[in-house]
Amino acid sequence: MPRLRLKFPDHAQSVPHVDYSILLMGLLVLAGVLFQFQQITEEVNYWSNRVERLEKQQQQKATPQRTRSTPRIREFSQEIRKEIIKANAILDQINLPWETLFDSIEHAATEEIALLSLQPNIANQSLRISGEAKNMSELLDFVEALERELIFENVHLLNYKIKQDNPHRPIIFLLTAAWVGAS
């Protein structure tokens, strides 16, 4: 078996001041890291405590306001009820039998009648119709034609006025009709 020649450093070959300086630098870095860790831990604890205090303050402020805000909640609930009533009224208008009403009015109207407005009243299922007619006989024919429509009943001419300043003297009218068979 061949011989191994191991060489251990002599005391003359070692450089102890370099070794000690590297060890000292490592210890300084470790001390700096520990100091920085301690500062960060203290800062985290400070902010955690502050957040807890603010949450407790918010809870304390919120608790008395709940007892004081009961009338306010009642006001809001009354406002919400009013809004719901308004919304239901709008839904009722949307759910009107518009197509049937318009078809019946178009069927009864002639070229001599110009309709200006239709105002439905959901509560009593009536319709106010305003417009212009070229002459009185056309207007009366229109009222009779509306009365013959199956969806309308109680068609009444509420008022009329002849435009004197217009050379053709059209008649401005307002009539009312109740619709049936529609909900």
At R0 = 25 Å, how high is the FRET efficiency between LYS134 and TRP98 if r is their beta carbon distance? Nearest 0.05 is fine. 0.40
What helix-only [θ] at 222 nm does the chain give? Using -39500 (n - 2.57) per DSSP H run of at least 4, over all residues, to the nearest 500, the answer is -20000 deg cm²/dmol
Quick one: putting +1 on the C-beta of Lys and Arg, -1 on the C-beta of Asp and Glu, what dipole do you get for the chain around its Cα centre, in Debye to the nearest 20? 1820 debye
Distance (nanometres) between label positions extended 7 Å along Cα→Cβ at GLN58 and ASN154: 6.0 nm
Distance from the Cα centre of the stretch 90-149 to that of the stretch 19-65, in angstrom? 79 Å
Rounded if a/c is under 1.5, else prolate if a/b is larger than b/c, else oblate: which is the chain, with a ≥ b ≥ c the root eigenvalues of its Cα gyration tensor? prolate
Positive end of the charge dipole of the chain (Lys, Arg +1 and Asp, Glu -1 on Cβ, about the Cα centre): tell me which of ASN166, TRP98, ASN154 has its Cα farthest that way. TRP98
Have a look at VAL180, SER130, GLY32 and report the one farthest towards the positive end of the charge dipole of the chain, computed about the Cα centre with Cβ charges (Lys/Arg +1, Asp/Glu -1). GLY32
Take every Cα pair under 8 Å in the chain that's 6+ residues apart, average their separations, divide by the length, and report that relative contact order as a whole percent. 15 percent
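Read the figures in this text as sums done on the coordinates, not as results from a lab. Small disclaimer: the values here were computed from a predicted structure and weren't measured. Heads up, the Cβs are rebuilt from the backbone with ideal geometry, glycines too, and the neighbour counts pull from every protein chain shown.
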